[in-house]
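Inspection log for the structure reproduced underneath, given as structure tokens.
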Amino acid sequence: MRMARISVLGLALAAGAVDALSYLAFGEVFTANMTGNVVLLGLALGDGRTEHVIKSGVAFAGFCAGLAAGFVLVGRGAGRAGTVRGPAVALGVELVLLVGIAVGWMARVPRPGLIAGAAVAMGLQSAVTRWAGGSGLSTTYVTGTVTGLAGQVIGPRSRDGGGVARPVGVVLALVTGAVLAAVALRVHGFVAMLIAPVAVAVAAGWWGVSVRRGGRGARSEA
């Protein structure tokens, strides 16, 4: 089931905010962009920075755990067309984790715990967007999205079409989320931590409304 555009942009904004906070507040680590995180892990290993190795390793492990859990939840609803219960649960768990991170930040929870929570949340989100948009859509990293955009603009168009507005919007939302988080972090850390959960809540809520509208439309046509 294709995810509503506003929901996709909201999730992308959340990912940008989470990555910015992970890097600026949690100690130079990415919890959404695993390509960047693996590079940072390699740099830390090469420089012998044990603390950074641990942080990047925790982020990678957490993201993989979130992916696994997300695909399990998504798979539970795969048997019936239009079923979004599994993805909705995954987004709900993500929201709880992001709120927990905000609270944990104020309670001075050790950074590895915050990193793990953020990475699991982004893994869950990645599984949901993969289910909703296929392999050509991601809200947690830019490389695949830009590649898909280039394929639409320059290369032969894919069979499912899709256009350029969606990937362009995702890239802009990621950047916007990072900017908002960086600016908010200068003002108050807790405010910055709330950007991602608010964005996910809006995205999930809008998607739920879209699904209900689609369901009513299908019943009226029957």
Next on the checklist: If I filter region 77-88 down to residues being within 12 Å of Gly208 (Cα to Cα) and among the aliphatic types (A, V, I, L, M), which single residue comes out as modelled with the lowest pLDDT?
Outcome noted: Val84
Next on the checklist: When you scan region 146-157, do you find a residue that is over 22 Å from Val96 (Cα atoms), under 12 Å from the mean Cα position of the chain (by Cα) and modelled with pLDDT of 70 or more, even just one?
Outcome noted: no
Item to check | Search result, residues across region 43-76 that are of a type in the set (A, V, I, L, M, F, W, C), more than 30 Å from Gly92 (Cβ to Cβ) and either touching a strand residue (DSSP E or B) at 6+ places or on another chain (Cβ under 8 Å) or surrounded by 17 or more Cβ atoms within 10 Å (Cβ to Cβ) (or both) | outcome: Ala44, Val53
Item to check | Residues located in region 1-32, provided they are at pLDDT 95 or above and among the polar types (S, T, N, Q) | outcome: Ser22, Thr31
Checklist entry - What is the one condition in (1) at pLDDT below 95; (2) within 22 Å of Ser210 (Cβ to Cβ) that Leu91 does not satisfy? => result (1)
Checklist entry - For Gly117, which of the numbered conditions (1) within 18 Å of the chain's Cα centre (by Cα); (2) over 23 Å from Ala201 (Cα atoms); (3) surrounded by 17 or more Cβ atoms within 10 Å (Cβ to Cβ) fails to hold? => result (2)
Item to check | Any hit, region 87-99, residues being part of a helix (DSSP H, G or I) and among the acidic types (Asp, Glu) | outcome: yes
Item to check | Among residues of region 13-63, those that are without any contact (Cβ under 8 Å) to a residue 40 or more places away in the chain and among the β-branched types (Val, Ile, Thr), counted | outcome: 4
Checklist entry - Residues of region 127-145 being at pLDDT 75 or above and out of contact with any Gly (no Cβ under 7 Å at 6 or more places or on another chain), which ones? => result Thr129, Arg130, Trp131, Ala132, Thr139, Thr140, Tyr141, Val142, Thr143
Checklist entry - Of the residues that make up region 102-110, is at least one surrounded by 17 or more Cβ atoms within 10 Å (Cβ to Cβ), in contact with a Gly (Cβ under 6 Å, 6 or more places away or on another chain), at pLDDT 95 or above and of a type in the set (A, V, I, L, M)? => result no
Checklist entry - Of all residues in region 167-197, which are crowded, with 22+ Cβ neighbours inside 10 Å and modelled with pLDDT under 95? => result Pro167, Val170
Checklist entry - Is region 33-42 home to any residue that is crowded, with 24+ Cβ neighbours inside 10 Å, not polar (S, T, N, Q) and not in a loop (DSSP other than H, G, I, E, B)? => result no
Item to check | The lone exception for Val29 - which of (1) part of a helix (DSSP H, G or I); (2) of a type outside the set (Lys, Arg); (3) under 24 Å from Ala173 (Cβ atoms) it fails | outcome: (1)
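The values are calculated or read from the model by the stated rules, or taken from the named source; none is laboratory data. The structure displayed is predicted, hence computed values, not measured ones. Cβ sites come from the backbone with ideal geometry, for glycine too, and all protein chains shown count toward neighbours.
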